[in-house]
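To keep things clear, I will list the structure first and then write my remarks on it.
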Amino acid sequence: MQIISLLPFEQTNLEEKDELIIKIIFNQNIENFFEQVSLTSEPSLVWQKEKSSLETILFSASGLLSLPSSAQLNLKLTYQDSVLKEWFYHSPPKAKITPFPTIDPNASYVPNEEIIKGLKKEREQADRDLPLWQSLPYETEDFKISHYIRPFTLVVYITDKSKQQIVEKEVLNWVKEKGGDPSIHKIEWREKE
């Protein structure tokens, strides 16, 4: 048995949510080994396991927000006594509360209302046309989602062109995980050096 897909991707910075769901897709029907597969983590979390499809197991745990900020969450997937895979994620950073900025009346430059409105419009335009810009760049061993080159078009650097179809599915899954619409996002492929 082999793992053919793992979501979220290894070494990902996890979102600031209390629950983590890990989707593991195998290269065969899980029926014969489902009960013998287990997931452990350090720091320790209580993992629930369920069948999602003939080849897919979902593991879920809550308590992520109780982990130290930006700590490493180490995971180990085992079948009976054999280790199938070890990987890690970075726990979500704790939200920083930023005080509302005040403008010093003695400052040499104070933006007027027109400039502030213009900046707001630019931000709204970026959020509309480049919806995942705040999550970039994102990188794995096989590829890097670098930046938007134009609205809804991501530049993706790939290490091995022969894996382009697999990587494309992973990139579009990442887009969906981050709240983007994979049906309207396009990929501009570039070779990773």
Can you tell me which residue among PRO111, PRO99, PRO105 is modelled with pLDDT under 75, surrounded by 11 or more Cβ atoms within 10 Å (Cβ to Cβ) and not assigned by TED's automatic domain parsing to the domain that holds TRP47? PRO111
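Can you work out which of the residues in the range 163-188 that are assigned to a loop (DSSP other than H, G, I, E, B) and charged (D, E, K, R) is surrounded by the fewest Cβ atoms within 10 Å (Cβ to Cβ)?
Applying the filter and picking the extreme gives ASP181.
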Only one of (1) touching a His at 6+ places or on another chain (Cβ under 8 Å); (2) modelled with pLDDT under 75 fails for GLN72. Which number is that? (2)
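Each row is one residue, and each column tells you yes or no for (1) touching a residue at least 12 places away in the same chain (Cβ under 8 Å); (2) touching a His at 6+ places or on another chain (Cβ under 8 Å); (3) of a type in the set (S, T, N, Q).
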| residue | (1), (2), (3) |
| --- | --- |
| GLY118 | no, no, no |
| TYR138 | yes, no, no |
| PHE143 | yes, no, no |
| TYR148 | yes, no, no |
| ASP160 | yes, no, no |
| VAL175 | yes, yes, no |
| SER183 | no, no, yes |
May I ask you to list the residues in the range 32-71 that are aliphatic (A, V, I, L, M) and more than 21 Å from the chain's Cα centre (by Cα)? VAL37, VAL46, LEU54
Single unsatisfied condition, ILE21 versus (1) of a type in the set (A, V, I, L, M, F, W, C); (2) exposed (fewer than 13 other Cβ atoms within 10 Å of the Cβ); (3) modelled with pLDDT under 90: (2)
Would you point out which residue out of VAL83, VAL167 is out of contact with any Asp or Glu (no Cβ under 8 Å at 6 or more places or on another chain), under 30 Å from MET1 (Cβ atoms) and modelled with pLDDT of 90 or more? VAL83
Search result, residues across the range 143-170 that are of a type outside the set (Ser, Thr, Tyr) and under 20 Å from ASP127 (Cβ atoms): ILE145, HIS147, ILE149, ARG150, PRO151, PHE152, LEU154, VAL155
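The values are calculated or read from the model by the stated rules, or taken from the named source; none is laboratory data. Everything quoted here is computed from the prediction, not taken from an experiment. Glycine also receives a Cβ, built like all others from the backbone with ideal geometry; neighbour counts cover every protein chain displayed.
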